[in-house]
1. Can you work out which of the residues in the range 14-24 that are out of contact with any Pro (no Cβ under 9 Å at 6 or more places or on another chain) and surrounded by 10 or more Cβ atoms within 10 Å (Cβ to Cβ) is farthest from residue 61 (Cα to Cα)?
2. Restricting attention to the range 5-13, does a residue exist that is surrounded by fewer than 10 Cβ atoms within 10 Å (Cβ to Cβ) and at pLDDT 75 or above?
Amino acid sequence: MPAVKSADLGCGQHHHLLRHHQVPVSDRHEAHITVSYLLPAGCDAGHVRAALNHLARRHETLRTVYTPAA
């Protein structure tokens, strides 16, 4: 089992948490922004996954999770 660590939220994470608590419960929803890009020649989903895993291992704020209050 991996070790559990504690870290402050990143600026973007903090903004989204505050925004989540500023709206009525009935209006809360997951706000995701998605953009699609074509992968460069010779790059596949495995390459993208490896790059994202590398970034998440390197930058602790990308691994930060929180449990919103009910």
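1. Start the filter on the range 14-24 by keeping residues that are out of contact with any Pro (no Cβ under 9 Å at 6 or more places or on another chain), which leaves 14-16, 18-19, 22-24.
Those still in the list that are surrounded by 10 or more Cβ atoms within 10 Å (Cβ to Cβ) too: 14-16, 18-19, 23.
On the way: 14: 11, 15: 14, 16: 14, 18: 17, 19: 19, 23: 25 Å.
That would be 23.
2. Yes, the range 5-13 has at least one match.
The values are calculated or read from the model by the stated rules, or taken from the named source; none is laboratory data. All values reported here derive from a predicted model rather than from experimental measurement. Every residue, glycine among them, receives a Cβ derived from its backbone with ideal geometry; neighbour counts consider all protein chains shown.
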